1. With +1 on each Lys and Arg Cβ and -1 on each Asp and Glu Cβ, and nothing else charged, work out how big the dipole of the stretch A:2-93 is about its Cα centre, in Debye to the nearest 20.
2. Tell me the carbon and sulfur percent of the accessible area for chain B, rounded to whole percent, probe radius 1.4 Å.
3. Defining a contact as two alpha carbons under 8 Å apart and six or more residues distant in sequence, what relative contact order in percent does the stretch A:2-93 show?
4. First select every other residue whose beta carbon is under 13 angstrom from the beta carbon of A:CYS225; then total the charges, Lys and Arg +1, Asp and Glu -1.
5. Using the structure shown, list the pairs from B:LYS9/B:LYS162; B:LYS47/B:LYS167; A:LYS33/A:LYS145; A:LYS2/A:LYS247; A:LYS33/A:LYS247 with a Cα-Cα distance above 19 Å, or answer none.
6. Residue by residue through the stretch A:243-259, which ³J(HN,Hα) values in whole Hz follow from phi under the Karplus form 6.51 cos²θ - 1.76 cosθ + 1.60 (θ = phi - 60°), with glycine and proline marked x?
7. At a threshold of 8 angstrom on Cα-Cα distance, excluding pairs fewer than six apart, so keeping six or more, what relative contact order does chain A reach in percent?
8. Which of these, A:GLU76, A:GLU241, A:GLU47, has the largest mean-square fluctuation under a Gaussian network model of chain A (Cα springs below 10 Å)?
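The values are calculated or read from the model by the stated rules, or taken from the named source; none is laboratory data. What you see is a predicted model; the values in this text were computed from it and never measured. Here the Cβ positions follow ideal geometry from the backbone for every residue, glycine too, while neighbour counts run over all protein chains shown. The accessibility values were calculated without ligands, DNA or RNA, using every heavy atom of the protein model including side chains. Shrake-Rupley method; radii C 1.70, N 1.55, O 1.52, S 1.80 Å.
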Amino acid sequence: MKHELTNVIEHDNFQGEYRILRLAAPVTGPQVKPGQFLGLQVPNLGERILRRPFSIYQADASGVAVLYKAVGRGTEAMANIQVGDTVNIIGPLGNGYPEPDASKTPVLVAGGYGNAALYILAQRMKKKGIAFFGGRSAIDILLVKEFEELGWDVRPTTDDGSLGTQGLVTDAFDPWAKKQDFQSLEVFCCGPNPMLKAIGDRAIAHDFTAWLSIDRHMACGVGACLTCVIKRKTDTPKDWEWSRCCKDGPIYESREVLWDE
Amino acid sequence: MSKPNLEIKIGSMTMKNPVTVASGTFGYGPEYADLVDLNRLGAITVKGICPEEHVGNQTPRTFETRGGMLNAIGLPGPGAKGFIQKYIPFLNQFNTPVIVNIWGKVMEDYGRIVDLLDAEEGIDAYEINLSCPNVKEGGSAFGTDVSTFSKVIELVRAKTEKPIIPKLAPNVPNIGSFAKAAENAGADAIAIMNTMPAMAINIDTLEPELANKFGGLSGPPIKPIAIKLVFDAAQNCSIPIIGMGGIFEPEDAIEFLIAGATAVAVGTANFVDPTTVDRVISGIEHYLTAKGHASVYDIVGTVKV
Ligand SMILES: Cc1cc2nc3c(=O)[nH]c(=O)nc-3n(C[C@H](O)[C@H](O)[C@H](O)COP(=O)(O)OP(=O)(O)OC[C@H]3O[C@@H](n4cnc5c(N)ncnc54)[C@H](O)[C@@H]3O)c2cc1C
Ligand SMILES: Cc1cc2nc3c(=O)[nH]c(=O)nc-3n(C[C@H](O)[C@H](O)[C@H](O)COP(=O)(O)O)c2cc1C
Ligand code: FES
């Protein structure tokens, strides 16, 4: 993990409300593991001060890219970032996904920026599998072509049926998974917390491995402030302990997570 | 021109420069070790420790406000044993003094925690948290009544020879009397200030933004409050003051020194820009050089009023 002043080399609309921000980050880029993220300081956000976490969508020796959507003050202010500006990042942060188990069928389940977060993983995985992507409408499903080009079998679902199956991601995942030997699956999931919980519940019920990238509010991003904690199950009499999503996560195996109802 | 002397003393503890980090904003050291040269700091102040492991508050624990943040973390920590096992060996690798922030649920805890820690090599001073707004027990319950406040300090004083630094709340009726009381009770220095009790409400759900309902405000919005408290305390005691509250730039730290602080702590700014401590140390040095001062002490309490 390092602190780096980066130069903006691309900042464009990507699809729908998503934008792509590409940074020249020669220190951070080569270190990135799939599933890790950046703590990005939004320039000229004077009155709101904390960094914002963004999954790393692409990384190589020259730099990193993030795909983001404006949802609030910080991400809206990011619209003002210009090519050539300097952006201050810390990264790569978090644990990242573990090395995929070569004996299993890799399955990706994602929604929103989750598709972007899983892209490096998909790129670097030797074995290609099946990807279930969910969103409200066709415009919300990112990178279908890119995943297909990498050799993944992409199954989109949309609430309005404008792309793929109509319904939730689980409406496509469930009938497919029933036909598989559950224990042969290894699922990598990134998206909104309800999606993670739905997949996590299935993993526990059918005893397959599912890696979930948990989304939490963060302040420091490095494990110092204890803002981002989730309840992680333990074998101790207390049953659970706080785990720092930014440092010990954001990737957890489904059986580790104790969801607050 | 010769370099100014940045060294300062807190009781028997020597800091190579007057800059430490604020408890709870820097973990126990390892968290920022990739980003900050721990040997560069005047001292490392670790997150609050009480005798036993403590889980802290429910989430959400922090909320960002205009220019600052609220926190109600609730002092989670590994307890004395966990701290010694997990962090002391790490901290001993650096030639930087370690200030351990201690707190208790009941008054006796303040004595017990020192009993558990005092024999450990590598602990150089205790900062006594008498001012956390986020735990029902302990914290501010001990910091807002001057006689209880003095009793806790006397209790800790009787247990250790190491420097002790009570940390004060901003919302005490008269900070001068607390500063004087700390000095009389045997404190080596005082730390000012902890976060300011505060609240934020979500206008859609009508619920408080923090699970704990209330939290402590930190960051730039509290700096002018902290400057006044440091100034007032300095008028009333002759022990050193470690000033903190909203230090983001070297100029903020220098202002604290001029108000009467001998050292400063960088808190929330670490989250925003982990290079802040480094910049603050350099900035103080440049300022002293530019103004022709030989030592940090030349500017401490030099405010013209
Ligand atoms: C590990 C991680 C990786 C992420 N990767 C991406 C990414 O690749 N692309 C992307 O677009 N976004 C990503 N996010 C989410 C992104 O960090 C938030 O959208 C951003 O912090 C919002 O900041 P803001 O100032 O615009 O919103 P704010 O004004 O702070 O909030 C706007 C709304 O979003 C909610 N919100 C803000 N942050 C979060 C959060 N972390 N979890 C849940 N709700 C939140 C707020 O409660 C509020 O309702 C990621 C989050 C995490 C924790
Ligand atoms: C997230 C967070 C956690 C904190 N935890 C502690 C703590 O454990 N003990 C303590 O004495 N003060 C704690 N504080 C208070 C700080 O040490 C400091 O007094 C306060 O934040 C003011 O400084 P700042 O404005 O530079 O942050 C905490 C502050 C924050 C923001
Ligand atoms: S965001 Fe600070 S500990 Fe995770």
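1. 280 debye
2. The nonpolar share, carbon plus sulfur, comes to 52 percent.
3. Answer for the stretch A:2-93 is 41 percent.
4. Details: positive: A:ARG51, A:ARG216, A:ARG244, A:LYS247, B:LYS47, B:ARG61; negative: B:GLU31, B:GLU64.
It works out to a net charge of +4.
5. A:LYS33/A:LYS145
6. My calculation for the stretch A:243-259 gives 10, 7, 4, 6, 10, 7, x, x, 8, 10, 6, 3, 6, 7, 8, 9, 7 Hz in order.
7. It comes to 17 percent, rounded to a whole number.
8. Greatest mean-square fluctuation among the candidates belongs to A:GLU47.
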